[in-house]
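Worksheet for the structure shown next.
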Amino acid sequence: MPTGTIIVVASFLYVGLLFAIAYYGDKRADAGRSIIANPYIYALSLAGLAFAVGLASEIVGVHTGFPFSTYAYTDALQPQLAGVPIVIPLAWAMMSYPCLLVGRRLGSTGPRIVLAAGWALASWDLFLDPQMVKAGFWHWQTHNVVAFRGIPWTNYLGWFAVALL
């Protein structure tokens, strides 16, 4: 696996976790109440949920083509679980919390927060996917499909749907 990729993902995820712990601790102190009393459990729960949803959607995606379209990872990213490099769900976890904060900033109600956060996460893929294909980390079956920069448009819809979760 390219060392730089894993360092960037791990560092970004680590800093995001630290921020979630500090930010949640401040909010909890301000509110005086909480469903999850421990900011460490809060941060790890968010990251764990994003990791699990990302991993599950990627495993289903590489084996069925749903919800992203037909694609496969190359051997460049290791280790892999069920055909999915472990760094991929780590990247889902890495970006999910910052996108949730974007959603909270832009949305005023629960549904609007979810839509804005999902849109932010899906927008990241619009930027990232063409670069990762060019780097040789995965490839798409794009014949006879409408594509943007070599990526099937259904991939972006799939990202938005999974990001809403």
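The values are calculated or read from the model by the stated rules, or taken from the named source; none is laboratory data. Here the structure is a predicted model, which is why all the values come from computation and not from measurement. Glycine also receives a Cβ, built like all others from the backbone with ideal geometry; neighbour counts cover every protein chain displayed. Heads up: the accessible areas ignore ligands, DNA and RNA and are worked out on the full protein's heavy atoms, side chains in. Shrake-Rupley method; radii C 1.70, N 1.55, O 1.52, S 1.80 Å.
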> Residue-wise, which Karplus ³J(HN,Hα) couplings in Hz belong to segment 9-17, taking 6.51 cos²θ - 1.76 cosθ + 1.60, θ = phi - 60°, and x for glycine or proline?
Replying inline: 5, 5, 5, 4, 4, 4, 5, x, 4
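Please work out how much length the chain gains when fully extended from residue 153 to residue 11, using 0.36 nm per residue of separation minus the C-alpha to C-alpha distance, in nm with one decimal. Each step should come with its number before you reach the end.
On the way: separation 142, 0.36 × 142 = 51.12 nm, distance 3.02 nm.
That pair, residue 153 and residue 11, stretches by 48.1 nm at full extension.
Subtract the Cα-Cα distance of residue 142 and residue 80 from 0.36 nm times their separation in residues, and report this length gain in nm to one decimal.
Numbers: separation 62, 0.36 × 62 = 22.32 nm, distance 2.36 nm.
Between residue 142 and residue 80, full extension yields 20.0 nm more.
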>> Could you report the chain's accessible area per residue, 1.4 Å probe, as an integer in Å²?
In response: 56 Å²
> Can you give the angle from 0 to 90° between the axis of helix 110-134 and the longest principal axis of the chain, with both taken from C-alpha atoms, to the nearest 10?
Replying inline: 40 degrees
> Once phi is turned into ³J(HN,Hα) by the Karplus curve 6.51 cos²θ - 1.76 cosθ + 1.60 with θ = phi - 60°, what whole-Hz value does each residue of segment 72-79 show in order, with x for glycine and proline?
Replying inline: 8, 7, 7, 7, 5, 9, 10, x
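What part of the accessible area of segment 38-114, given as a whole %, is carbon or sulfur when the probe is 1.4 angstrom?
On the way: 2630 of 3730 Å².
Answer for segment 38-114: carbon and sulfur cover 70 percent of the accessible area.
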> If each of residue 105 and residue 52 carries a label point 7 Å out from its Cα toward its Cβ, how far apart are those two points in nm?
Replying inline: 2.9 nm
> Quick one: helix 153-164 against the long Cα principal axis of the chain, what's the angle to the nearest 10°, folded into 0 to 90?
Replying inline: 20 degrees
> What FRET efficiency, computed as 1/(1 + (r/R0)^6) with R0 = 35 Å and r the Cβ-Cβ distance, is obtained for residue 128 and residue 40, rounded to the nearest 0.05?
Replying inline: 0.75
